[in-house]
1. Where does helix 121-132 land angle-wise versus the long Cα axis of the chain, in degrees 0 to 90, nearest 10?
2. By how many nm would the segment from residue 301 to residue 153 grow when fully extended, if each residue of separation counts as 0.36 nm and the alpha-carbon distance is taken off?
3. Given the whole protein assembly as supplied and a 1.4 Å probe, what does the accessible area of residue 185 come to in Å², nearest 10?
4. Using a Gaussian network model of the chain whose springs link C-alpha atoms within less than 10 Å, name the residue from 79, 273, 375 with the highest mean-square fluctuation.
5. Using the alpha carbons of the chain, what is the convex hull volume per residue in cubic angstrom, as a whole number?
6. Taking only Cα atoms and a 10 Å spring cutoff, compute GNM fluctuations for the chain and point out the largest among 209, 390, 289.
7. Which pairs in the list 172/411; 252/313; 18/49; 36/78; 172/195; 78/144 are over 22 Å apart, alpha-carbon to alpha-carbon?
8. Quick one: angle between helix 18-28 and the longest Cα principal axis of the chain, in degrees between 0 and 90, rounded to 10, please.
Amino acid sequence: MERTSLNLVFVGHVDHGKSTLIGRLLMDTGTLPEEKVEELRQTCKDEGKEFRLAFLMDQFEEERKFDMSIDTTQTFFKTATCDYVIIDAPGHREFLKNMITGASLAHAAVLIVSAKEGIQDQTWRHAYLLGLLGIEQIIVVVNKMDMVGYDEAVFRSMVNGVTNMLGQVGAKPMTLIPISAQEGDNVASKSDHMKWYDGPAFLEMLDSLQTPVADMEKPVRFAVQDVYQVNGETVFVGRTEAGRLCAGAKVKILPAGHEAEVKGLHVFGAEPTELVPGQCAGVSLSPSLDIGRGAILSDADALPSVTKQCHAKIFWLGSKSYRVGETIAVRCATQEVPCRIERIERRFDSSDLQNKKEGAEEMAETDIGEVVIATDEPIVLERFEDLPELGRFTLVEGENVLAGGIVTDSK
Ligand code: GDP
(Lines give C-alpha, C1' and ligand atoms only; values in the text may rest on other atoms or scores of the structure.)
Protein backbone atom coordinates (compact mmCIF):
# COMPACT_ATOMS: atom_id res chain seq x y z
CA MET A 1 0.00 0.00 0.00
CA GLU A 2 1.26 3.46 -0.89
CA ARG A 3 2.19 5.70 2.04
CA THR A 4 0.13 8.79 2.46
CA SER A 5 0.69 12.07 4.25
CA LEU A 6 -2.02 13.89 6.11
CA ASN A 7 -2.19 17.37 7.60
CA LEU A 8 -3.95 17.46 10.94
CA VAL A 9 -5.09 20.20 13.28
CA PHE A 10 -5.80 19.58 16.95
CA VAL A 11 -8.41 21.94 18.36
CA GLY A 12 -10.31 22.26 21.61
CA HIS A 13 -10.57 24.29 24.77
CA VAL A 14 -7.38 25.00 26.70
CA ASP A 15 -6.50 22.23 29.18
CA HIS A 16 -8.75 19.63 27.58
CA GLY A 17 -5.66 17.61 26.66
CA LYS A 18 -4.36 18.49 23.18
CA SER A 19 -0.68 18.53 24.15
CA THR A 20 -1.09 15.42 26.27
CA LEU A 21 -2.65 13.55 23.35
CA ILE A 22 0.14 14.65 21.01
CA GLY A 23 2.72 13.59 23.62
CA ARG A 24 0.97 10.24 23.91
CA LEU A 25 1.07 9.81 20.13
CA LEU A 26 4.77 10.72 19.96
CA MET A 27 5.44 8.08 22.57
CA ASP A 28 3.12 5.29 21.44
CA THR A 29 4.18 5.52 17.80
CA GLY A 30 7.85 5.40 18.83
CA THR A 31 8.51 8.81 17.26
CA LEU A 32 10.30 9.90 20.38
CA PRO A 33 12.61 7.04 21.33
CA GLU A 34 12.18 5.36 24.70
CA GLU A 35 15.53 6.81 25.90
CA LYS A 36 14.32 10.35 25.26
CA VAL A 37 11.16 9.76 27.24
CA GLU A 38 13.21 8.25 30.07
CA GLU A 39 15.63 11.17 29.96
CA LEU A 40 12.74 13.59 30.35
CA ARG A 41 11.24 11.57 33.19
CA GLN A 42 14.59 11.72 34.97
CA THR A 43 14.94 15.47 34.40
CA CYS A 44 11.47 16.03 35.86
CA LYS A 45 12.39 13.88 38.86
CA ASP A 46 15.66 15.74 39.40
CA GLU A 47 13.83 19.05 39.27
CA GLY A 48 11.13 17.77 41.59
CA LYS A 49 8.48 18.21 38.90
CA GLU A 50 5.73 15.79 38.03
CA PHE A 51 6.31 14.21 34.59
CA ARG A 52 3.66 15.09 32.04
CA LEU A 53 3.11 13.74 28.56
CA ALA A 54 2.50 17.29 27.36
CA PHE A 55 6.22 17.96 27.96
CA LEU A 56 7.03 15.51 25.18
CA MET A 57 5.47 17.81 22.64
CA ASP A 58 7.54 20.75 23.87
CA GLN A 59 10.67 18.59 23.89
CA PHE A 60 10.00 17.41 20.35
CA GLU A 61 9.46 20.97 19.11
CA GLU A 62 12.59 22.14 20.90
CA GLU A 63 14.67 19.46 19.15
CA ARG A 64 13.22 20.33 15.79
CA LYS A 65 14.28 23.93 16.25
CA PHE A 66 17.91 22.86 16.35
CA ASP A 67 17.66 20.59 13.38
CA MET A 68 18.12 23.07 10.57
CA SER A 69 17.90 20.42 7.89
CA ILE A 70 14.16 20.06 8.28
CA ASP A 71 11.48 22.51 7.39
CA THR A 72 8.81 23.51 9.86
CA THR A 73 5.94 21.55 8.40
CA GLN A 74 7.25 18.07 8.82
CA THR A 75 6.04 14.79 10.08
CA PHE A 76 5.17 14.64 13.75
CA PHE A 77 4.44 10.96 13.91
CA LYS A 78 4.11 7.96 11.61
CA THR A 79 2.08 4.81 11.54
CA ALA A 80 2.51 1.81 9.25
CA THR A 81 0.58 3.53 6.46
CA CYS A 82 0.71 7.27 6.97
CA ASP A 83 2.91 10.24 7.89
CA TYR A 84 1.10 12.78 10.02
CA VAL A 85 1.93 16.44 9.94
CA ILE A 86 0.51 18.56 12.73
CA ILE A 87 0.21 21.85 10.92
CA ASP A 88 -0.03 23.92 14.03
CA ALA A 89 0.49 22.91 17.57
CA PRO A 90 -1.96 23.88 20.29
CA GLY A 91 -1.14 26.80 22.48
CA HIS A 92 0.53 28.77 19.72
CA ARG A 93 -0.80 32.29 19.57
CA GLU A 94 -0.94 32.16 15.79
CA PHE A 95 -3.09 29.07 15.90
CA LEU A 96 -6.49 30.53 14.98
CA LYS A 97 -4.90 32.91 12.52
CA ASN A 98 -3.09 30.14 10.68
CA MET A 99 -6.21 28.09 10.53
CA ILE A 100 -8.39 30.78 9.14
CA THR A 101 -5.92 32.32 6.74
CA GLY A 102 -5.38 28.91 5.21
CA ALA A 103 -1.65 29.41 5.67
CA SER A 104 -1.79 25.78 6.48
CA LEU A 105 -4.58 23.67 5.13
CA ALA A 106 -5.87 20.87 7.26
CA HIS A 107 -7.01 17.63 5.67
CA ALA A 108 -8.63 16.59 8.91
CA ALA A 109 -9.30 17.95 12.37
CA VAL A 110 -9.25 16.40 15.81
CA LEU A 111 -11.61 18.14 18.22
CA ILE A 112 -10.81 17.39 21.85
CA VAL A 113 -13.43 17.77 24.53
CA SER A 114 -12.81 16.84 28.14
CA ALA A 115 -15.39 14.46 29.60
CA LYS A 116 -14.80 16.11 32.94
CA GLU A 117 -15.27 19.75 31.94
CA GLY A 118 -17.60 19.34 28.94
CA ILE A 119 -18.16 21.84 26.12
CA GLN A 120 -16.54 25.23 26.82
CA ASP A 121 -16.30 28.52 24.93
CA GLN A 122 -13.23 27.60 22.88
CA THR A 123 -14.90 24.31 21.96
CA TRP A 124 -17.65 26.39 20.33
CA ARG A 125 -15.19 28.75 18.71
CA HIS A 126 -13.07 26.01 17.20
CA ALA A 127 -16.11 24.03 16.11
CA TYR A 128 -17.39 27.13 14.35
CA LEU A 129 -14.07 27.48 12.50
CA LEU A 130 -14.15 23.85 11.41
CA GLY A 131 -17.63 24.43 9.99
CA LEU A 132 -16.62 27.72 8.41
CA LEU A 133 -13.57 26.24 6.73
CA GLY A 134 -15.53 23.27 5.50
CA ILE A 135 -13.20 20.67 7.03
CA GLU A 136 -15.07 17.49 6.36
CA GLN A 137 -13.02 14.93 8.23
CA ILE A 138 -13.58 15.66 11.91
CA ILE A 139 -12.75 13.18 14.65
CA VAL A 140 -14.02 14.05 18.10
CA VAL A 141 -12.16 12.63 21.06
CA VAL A 142 -13.81 12.73 24.44
CA ASN A 143 -10.76 12.89 26.69
CA LYS A 144 -10.07 12.34 30.39
CA MET A 145 -12.44 9.36 30.54
CA ASP A 146 -10.30 8.13 33.48
CA MET A 147 -11.55 11.12 35.49
CA VAL A 148 -15.19 10.10 35.06
CA GLY A 149 -14.67 6.45 35.93
CA TYR A 150 -14.76 5.39 32.24
CA ASP A 151 -18.52 5.81 32.50
CA GLU A 152 -20.46 5.05 29.31
CA ALA A 153 -23.33 7.34 30.34
CA VAL A 154 -20.98 10.34 30.53
CA PHE A 155 -19.63 9.51 27.08
CA ARG A 156 -23.14 9.14 25.61
CA SER A 157 -24.18 12.49 26.95
CA MET A 158 -21.02 14.09 25.48
CA VAL A 159 -21.80 12.43 22.13
CA ASN A 160 -25.22 14.10 22.13
CA GLY A 161 -23.91 17.48 23.21
CA VAL A 162 -21.00 17.62 20.75
CA THR A 163 -22.98 16.26 17.79
CA ASN A 164 -25.63 18.86 18.47
CA MET A 165 -23.05 21.65 18.73
CA LEU A 166 -21.33 20.64 15.47
CA GLY A 167 -24.74 20.43 13.78
CA GLN A 168 -25.35 24.06 14.68
CA VAL A 169 -22.19 25.13 12.86
CA GLY A 170 -22.92 22.97 9.82
CA ALA A 171 -20.36 20.29 10.63
CA LYS A 172 -20.66 16.59 11.28
CA PRO A 173 -18.22 14.37 13.18
CA MET A 174 -17.07 11.19 11.44
CA THR A 175 -16.83 9.51 14.78
CA LEU A 176 -16.54 10.18 18.52
CA ILE A 177 -14.00 8.20 20.54
CA PRO A 178 -13.78 7.97 24.36
CA ILE A 179 -10.11 8.18 25.36
CA SER A 180 -7.72 8.96 28.14
CA ALA A 181 -4.70 10.65 26.60
CA GLN A 182 -2.90 10.41 29.90
CA GLU A 183 -3.48 6.70 30.49
CA GLY A 184 -3.36 5.78 26.80
CA ASP A 185 -6.86 4.28 26.67
CA ASN A 186 -8.21 3.91 23.11
CA VAL A 187 -5.34 5.96 21.66
CA ALA A 188 -2.93 3.52 19.99
CA SER A 189 -5.04 0.48 20.86
CA LYS A 190 -8.40 -0.46 22.34
CA SER A 191 -8.75 -0.18 26.09
CA ASP A 192 -9.90 -2.80 28.57
CA HIS A 193 -11.39 -0.01 30.67
CA MET A 194 -14.13 0.71 28.14
CA LYS A 195 -15.36 -2.65 26.92
CA TRP A 196 -18.72 -1.01 26.16
CA TYR A 197 -17.10 0.96 23.31
CA ASP A 198 -17.08 -0.97 20.05
CA GLY A 199 -15.60 1.64 17.66
CA PRO A 200 -11.98 2.05 16.52
CA ALA A 201 -9.06 3.29 18.64
CA PHE A 202 -7.92 6.81 17.75
CA LEU A 203 -4.87 5.80 15.66
CA GLU A 204 -6.91 3.21 13.76
CA MET A 205 -9.41 5.92 12.93
CA LEU A 206 -6.65 8.28 11.78
CA ASP A 207 -5.27 5.62 9.47
CA SER A 208 -8.65 5.30 7.80
CA LEU A 209 -8.78 8.98 6.78
CA GLN A 210 -8.36 10.03 3.18
CA THR A 211 -5.94 12.61 1.80
CA PRO A 212 -8.32 14.72 -0.26
CA VAL A 213 -7.20 14.98 -3.86
CA ALA A 214 -7.16 18.36 -5.56
CA ASP A 215 -10.05 18.82 -7.92
CA MET A 216 -8.29 19.06 -11.29
CA GLU A 217 -11.50 19.41 -13.21
CA LYS A 218 -12.27 22.87 -11.87
CA PRO A 219 -11.65 25.90 -14.08
CA VAL A 220 -8.08 27.21 -14.21
CA ARG A 221 -7.05 29.86 -11.71
CA PHE A 222 -3.40 30.90 -11.50
CA ALA A 223 -2.43 33.65 -9.04
CA VAL A 224 0.54 35.80 -10.09
CA GLN A 225 3.02 36.49 -7.29
CA ASP A 226 5.84 38.15 -9.15
CA VAL A 227 7.13 39.07 -12.58
CA TYR A 228 10.65 38.30 -13.85
CA GLN A 229 12.61 38.90 -17.03
CA VAL A 230 14.31 35.67 -18.11
CA ASN A 231 16.45 35.77 -21.27
CA GLY A 232 14.48 38.72 -22.57
CA GLU A 233 11.16 37.04 -21.89
CA THR A 234 8.59 38.11 -19.28
CA VAL A 235 7.75 35.26 -16.90
CA PHE A 236 4.84 35.45 -14.46
CA VAL A 237 5.63 33.41 -11.39
CA GLY A 238 2.79 32.19 -9.22
CA ARG A 239 0.68 29.33 -7.98
CA THR A 240 -1.93 27.21 -9.68
CA GLU A 241 -4.88 27.52 -7.33
CA ALA A 242 -7.27 25.33 -9.31
CA GLY A 243 -7.63 23.39 -12.55
CA ARG A 244 -4.96 22.24 -15.01
CA LEU A 245 -3.09 25.01 -16.77
CA CYS A 246 -1.80 23.76 -20.14
CA ALA A 247 0.62 25.24 -22.64
CA GLY A 248 -1.46 26.67 -25.48
CA ALA A 249 -4.49 27.40 -23.26
CA LYS A 250 -6.48 30.60 -23.77
CA VAL A 251 -6.65 32.60 -20.56
CA LYS A 252 -8.18 35.83 -19.44
CA ILE A 253 -6.13 37.95 -17.06
CA LEU A 254 -8.31 39.40 -14.33
CA PRO A 255 -9.33 41.84 -13.05
CA ALA A 256 -7.94 43.79 -16.04
CA GLY A 257 -9.68 41.56 -18.59
CA HIS A 258 -6.90 41.06 -21.20
CA GLU A 259 -6.82 37.86 -23.20
CA ALA A 260 -3.69 35.86 -23.92
CA GLU A 261 -2.40 32.41 -24.79
CA VAL A 262 -0.09 30.42 -22.54
CA LYS A 263 3.17 30.27 -24.50
CA GLY A 264 5.21 28.27 -22.06
CA LEU A 265 5.36 26.78 -18.57
CA HIS A 266 8.58 26.76 -16.58
CA VAL A 267 9.38 24.73 -13.47
CA PHE A 268 13.04 24.64 -12.38
CA GLY A 269 14.45 24.60 -15.86
CA ALA A 270 11.92 22.06 -17.12
CA GLU A 271 9.04 22.88 -19.41
CA PRO A 272 6.03 20.78 -18.34
CA THR A 273 2.97 20.63 -20.59
CA GLU A 274 0.58 21.26 -17.73
CA LEU A 275 0.43 22.52 -14.15
CA VAL A 276 -1.76 20.98 -11.48
CA PRO A 277 -3.38 22.61 -8.43
CA GLY A 278 -0.90 23.62 -5.76
CA GLN A 279 2.00 23.78 -8.21
CA CYS A 280 4.15 26.90 -8.29
CA ALA A 281 5.65 27.78 -11.65
CA GLY A 282 6.52 30.45 -14.18
CA VAL A 283 4.19 31.17 -17.09
CA SER A 284 4.98 33.10 -20.25
CA LEU A 285 2.17 34.60 -22.28
CA SER A 286 1.56 35.68 -25.82
CA PRO A 287 1.17 38.58 -26.16
CA SER A 288 3.30 39.48 -23.16
CA LEU A 289 1.26 41.86 -21.03
CA ASP A 290 1.99 44.49 -18.46
CA ILE A 291 0.52 42.77 -15.41
CA GLY A 292 1.85 42.30 -11.89
CA ARG A 293 1.32 40.65 -8.56
CA GLY A 294 -2.32 39.94 -7.84
CA ALA A 295 -3.39 39.23 -11.41
CA ILE A 296 -5.41 36.01 -11.77
CA LEU A 297 -5.03 33.97 -14.96
CA SER A 298 -8.41 32.34 -15.52
CA ASP A 299 -9.99 29.84 -17.82
CA ALA A 300 -11.39 32.02 -20.64
CA ASP A 301 -14.51 29.82 -20.80
CA ALA A 302 -15.32 29.75 -17.08
CA LEU A 303 -14.68 33.09 -15.47
CA PRO A 304 -14.80 33.91 -11.77
CA SER A 305 -16.57 37.03 -10.62
CA VAL A 306 -14.74 40.32 -10.73
CA THR A 307 -16.48 42.48 -8.23
CA LYS A 308 -16.31 45.41 -5.85
CA GLN A 309 -18.69 43.93 -3.33
CA CYS A 310 -19.23 40.60 -1.62
CA HIS A 311 -21.15 38.95 1.19
CA ALA A 312 -18.97 37.09 3.66
CA LYS A 313 -18.73 35.39 7.02
CA ILE A 314 -15.82 36.73 9.01
CA PHE A 315 -14.08 35.81 12.23
CA TRP A 316 -12.52 38.79 14.01
CA LEU A 317 -9.05 37.98 15.39
CA GLY A 318 -7.59 41.45 15.97
CA SER A 319 -7.41 42.88 19.46
CA LYS A 320 -8.37 46.25 17.99
CA SER A 321 -12.06 46.56 17.21
CA TYR A 322 -13.41 47.88 13.95
CA ARG A 323 -16.16 50.36 13.13
CA VAL A 324 -18.18 50.06 9.95
CA GLY A 325 -16.74 52.26 7.20
CA GLU A 326 -13.08 52.28 8.29
CA THR A 327 -10.61 51.58 5.48
CA ILE A 328 -8.60 48.38 5.75
CA ALA A 329 -7.50 45.92 3.04
CA VAL A 330 -8.61 42.52 1.84
CA ARG A 331 -6.10 39.82 0.82
CA CYS A 332 -7.21 36.91 -1.32
CA ALA A 333 -4.65 34.62 -2.97
CA THR A 334 -2.01 37.16 -4.11
CA GLN A 335 -4.46 40.07 -4.41
CA GLU A 336 -4.53 42.94 -1.92
CA VAL A 337 -7.08 45.72 -2.33
CA PRO A 338 -8.28 48.52 0.00
CA CYS A 339 -11.75 47.83 1.38
CA ARG A 340 -14.37 48.63 3.97
CA ILE A 341 -16.97 46.62 5.81
CA GLU A 342 -20.05 48.38 4.53
CA ARG A 343 -22.61 46.61 6.64
CA ILE A 344 -22.72 44.06 9.45
CA GLU A 345 -25.83 42.00 8.89
CA ARG A 346 -25.38 39.77 11.90
CA ARG A 347 -22.82 39.74 14.64
CA PHE A 348 -22.49 37.10 17.27
CA ASP A 349 -20.20 35.88 19.96
CA SER A 350 -18.10 32.89 18.94
CA SER A 351 -18.10 31.47 22.45
CA ASP A 352 -21.72 30.32 22.30
CA LEU A 353 -23.07 31.46 18.93
CA GLN A 354 -26.25 32.48 20.72
CA ASN A 355 -25.71 36.10 21.52
CA LYS A 356 -26.81 37.72 18.28
CA LYS A 357 -26.56 41.44 17.86
CA GLU A 358 -28.67 42.76 15.02
CA GLY A 359 -27.58 45.82 13.06
CA ALA A 360 -24.19 46.05 14.74
CA GLU A 361 -21.75 48.81 13.80
CA GLU A 362 -18.67 47.26 15.31
CA MET A 363 -16.63 44.04 15.26
CA ALA A 364 -14.46 43.11 18.25
CA GLU A 365 -12.03 40.29 19.06
CA THR A 366 -13.51 36.77 18.65
CA ASP A 367 -16.74 38.13 17.15
CA ILE A 368 -18.24 36.39 14.18
CA GLY A 369 -20.07 38.43 11.60
CA GLU A 370 -22.07 38.12 8.45
CA VAL A 371 -21.04 41.21 6.55
CA VAL A 372 -20.99 43.07 3.24
CA ILE A 373 -17.51 44.12 2.13
CA ALA A 374 -16.89 46.80 -0.48
CA THR A 375 -13.54 47.20 -2.22
CA ASP A 376 -12.06 50.33 -3.81
CA GLU A 377 -10.95 48.41 -6.88
CA PRO A 378 -12.31 45.30 -8.60
CA ILE A 379 -11.15 42.01 -7.09
CA VAL A 380 -11.42 38.40 -8.28
CA LEU A 381 -13.50 36.36 -5.85
CA GLU A 382 -15.51 33.16 -5.80
CA ARG A 383 -17.88 31.65 -3.34
CA PHE A 384 -15.91 29.56 -0.85
CA GLU A 385 -18.24 26.70 -1.62
CA ASP A 386 -17.29 26.79 -5.31
CA LEU A 387 -13.55 27.40 -5.06
CA PRO A 388 -12.03 27.73 -1.58
CA GLU A 389 -8.71 29.08 -2.90
CA LEU A 390 -10.41 32.24 -4.15
CA GLY A 391 -13.21 32.19 -1.61
CA ARG A 392 -11.05 32.57 1.48
CA PHE A 393 -9.54 35.91 2.50
CA THR A 394 -8.06 37.92 5.32
CA LEU A 395 -8.73 41.50 6.31
CA VAL A 396 -5.51 43.32 7.14
CA GLU A 397 -4.20 46.66 8.27
CA GLY A 398 -0.57 46.84 7.15
CA GLU A 399 0.92 43.47 8.15
CA ASN A 400 -1.57 43.03 10.95
CA VAL A 401 -4.23 40.37 10.29
CA LEU A 402 -7.54 41.61 11.70
CA ALA A 403 -9.93 38.93 10.52
CA GLY A 404 -10.33 35.89 8.34
CA GLY A 405 -13.33 34.99 6.32
CA ILE A 406 -15.04 33.19 3.52
CA VAL A 407 -17.09 34.55 0.63
CA THR A 408 -20.73 33.47 0.72
CA ASP A 409 -21.78 35.49 -2.33
CA SER A 410 -19.59 37.38 -4.76
CA LYS A 411 -22.23 39.09 -6.87
P1 GDP B 1 -4.09 21.50 26.29
O2 GDP B 1 -4.12 22.89 26.85
O3 GDP B 1 -5.37 21.18 25.59
O4 GDP B 1 -2.90 21.21 25.44
O5 GDP B 1 -4.08 20.52 27.56
P6 GDP B 1 -2.88 19.68 28.19
O7 GDP B 1 -2.54 18.53 27.33
O8 GDP B 1 -1.80 20.59 28.62
O9 GDP B 1 -3.63 19.06 29.50
C10 GDP B 1 -4.13 19.87 30.53
C11 GDP B 1 -4.11 19.12 31.84
O12 GDP B 1 -4.97 17.99 31.78
C13 GDP B 1 -2.75 18.57 32.20
O14 GDP B 1 -2.56 18.70 33.57
C15 GDP B 1 -2.81 17.12 31.80
O16 GDP B 1 -1.94 16.32 32.56
C17 GDP B 1 -4.27 16.80 32.08
N18 GDP B 1 -4.78 15.72 31.21
C19 GDP B 1 -4.74 15.68 29.86
N20 GDP B 1 -5.31 14.53 29.41
C21 GDP B 1 -5.71 13.85 30.49
C22 GDP B 1 -6.36 12.58 30.68
O23 GDP B 1 -6.68 11.85 29.75
N24 GDP B 1 -6.63 12.23 31.98
C25 GDP B 1 -6.29 12.99 33.03
N26 GDP B 1 -6.59 12.56 34.25
N27 GDP B 1 -5.67 14.18 32.90
C28 GDP B 1 -5.38 14.61 31.65
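The values are calculated or read from the model by the stated rules, or taken from the named source; none is laboratory data. As the structure is a computational prediction, the values presented were derived from the model and not from experiment. Here Cβ is always computed from backbone atoms with ideal geometry, including for glycine, and neighbour counts include all displayed protein chains. To get the accessible areas, we keep the full protein, side chains included, count just its heavy atoms, and leave off ligands, DNA and RNA. Shrake-Rupley method; radii C 1.70, N 1.55, O 1.52, S 1.80 Å.
1. The helix 121-132 is inclined about 40 degrees to the chain.
2. 47.6 nm is the gain from fully extending residue 301 to residue 153.
3. Solvent-accessible area, nearest 10 Å²: 10 Å².
4. Looking only at 79, 273, 375, the largest GNM fluctuation is found for 273.
5. Value for the chain: 165 Å³ per residue.
6. 289
7. 172/411; 252/313; 172/195; 78/144
8. 70 degrees
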